[in-house]
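Written out below as structure tokens is the structure these notes cover.
Readers should treat all values here as calculations from the given coordinates under stated rules, not as data from a laboratory. As the structure is a computational prediction, the values presented were derived from the model and not from experiment. Cβ placement follows ideal geometry from the backbone for every residue including glycine, while neighbour counts extend to all protein chains displayed.
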Amino acid sequence: MTIRAVVKGIGHYLPERIMENAEFEASLDTSDEWIKARSGIERRHIAAEGQTTSDLATRAAQAALADAGLEAGDIDAVILATSTADLTFPAAATIVQANLGMTRGFAFDVQAVCAGFVFALANANGMILSGQAKRVMVIGAETFSRLMDWTDRSTCVLFGDGAGALILEAETGTGTTADRGVLSSDLNSDGRHRDLLYVDGGVSTHTTGHLRMQGREVFRHAVEKLAQTAHNALDKIGLSGEDVTWIVPHQANLRIITATAQRMQVPLERVVITVQDHGNTSAASIPLALSVGKARGQIKQGDLIVTEAIGGGLSWGAVVLRW
Ligand code: UT7
């Protein structure tokens, strides 16, 4: 008997305010054309004053519960991938737990920046397989707008806010790759590259700080490492790019998404792309894309999906699942 962690519901939430590329032209030496051409981004959502990461995460989690036909009391654990928690502690996941009305189970945050959702999904799968939990709410939620240096055109035009959530539930499978649920994962970090993408502040340095990125270098690593990690995750279960129905990539840059799909020999028609509307929402980008992909009618039950992401650390990884 094989236990599988199967997706039972999904949902997302985006803040109301939409910021179009053209808005940056008033204060920065940039243009809609440059942002679109270099990143594929056209607009992003920005959280309202006072709206926190746990607020966005709660809305996404409620949408996932509704989609699954479940109630908060049915959930055993909340794992929230974020680098922009409301407070230094407690974990934003515990705030979400309380907001949902959950009075049992456990909740914690995972911090692997843009790779956070992939790391959280792999962790949730491990907990289900080990019998620690039967139903896990896995959320990616961020308010990266709070980390922007709005005078730095090389970073502030790229990021946005949002949240996505899915519910994994233990089910009995056959042990083959025909099973629904998480089938494999591949996680990596290399802290030698931590200076390529980081926030220049934190509790130990008495500051909040701003996001700093050597974009060109991160781009180089992304193109090289994303296809490799996706390949590794597929290879572990004897599958390849040909078997993939949808790549659901981290949405940082359309050029990275395209190059990765090419390296995986998966046509762009089989890639869920939302970067034009959301920008880079870090750990929220994959669950957002999964939820939007399902709502668009792209993702259907039985599809083989590869999620892959890279971000600060550097940390990167991939999860293969059958929807
Ligand atoms: O989610 C975590 C992972 N993050 C990523 O995956 C991001 C990876 N990096 C990227 O997506 C791309 O490197 C960027 C979109 C950040 C930049 O694109 P690029 O093609 O690598 O451009 P570049 O950094 O090489 O900059 C080209 C030029 C520079 O001018 P010079 O030095 O050639 O004169 C920049 O100063 O574009 C300039 N530039 C801008 N111009 C107009 C940088 N930002 C802007 C801007 N508007 N917003």
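If you take the square roots of the eigenvalues of the alpha-carbon gyration tensor of segment 97-240 and sort them as a ≥ b ≥ c, do you get rounded (a/c under 1.5), prolate (a/b over b/c) or oblate?
oblate
Between residue 176 and residue 2, what length comes free when the chain is fully extended (0.36 nm per residue of separation minus the Cα-Cα distance, one decimal in nm)?
Residue separation times 0.36 nm, minus the Cα-Cα distance, leaves 61.7 nm.
Once phi is turned into ³J(HN,Hα) by the Karplus curve 6.51 cos²θ - 1.76 cosθ + 1.60 with θ = phi - 60°, what whole-Hz value does each residue of segment 168-173 show in order, with x for glycine and proline?
Values, residue by residue: 9, 10, 5, 9, 7, x Hz.
If I build a Gaussian network model for the chain, linking alpha-carbon pairs within less than 10 angstrom, which residue out of 209, 279, 297 has the largest mean-square fluctuation?
Looking only at 209, 279, 297, the biggest GNM fluctuation is shown by 297.
Please compute the alpha carbon radius of gyration of the chain, then divide it by the globular-protein estimate 2.2 N^0.38 Å. Two decimals is fine. Please report the intermediate quantities before stating the final value.
Values: Rg = 18.3 Å, N = 323, 2.2 N^0.38 = 19.8 Å.
Taking N as the residue count of the chain, the ratio is 0.92.
Can you pull the semi-axes for segment 181-322, root of five times each eigenvalue of the Cα gyration tensor, sorted largest first, whole Å?
With the √(5λ) rule applied to segment 181-322, the semi-axes are 27, 17, 14 Å.
Could the peptides 70-82, 137-149 be put in order, highest first, of the mean number of other beta-carbon atoms found within 10 Å of their residues? Walk me through the numbers before you get to the answer.
Details: 70-82: 22.7, 137-149: 26.8.
In decreasing order of mean packing, 70-82, 137-149 become 137-149, 70-82.
Pairs of lysines 8 or more apart, or on different chains, with alpha carbons under 27 Å: count those in the chain, would you?
13
When 1/r is averaged over all different Cα pairs and the result inverted, which Kirkwood radius in Å belongs to segment 2-173?
Evaluated on segment 2-173, it is 16.8 Å.
Give me the percent relative contact order of the chain, please, defined on Cα pairs under 8 angstrom at least 6 residues apart. Can you show the working numbers first?
Working: 827 pairs, mean separation 82.5, N = 323.
Computed over the chain, the figure is 26 percent.
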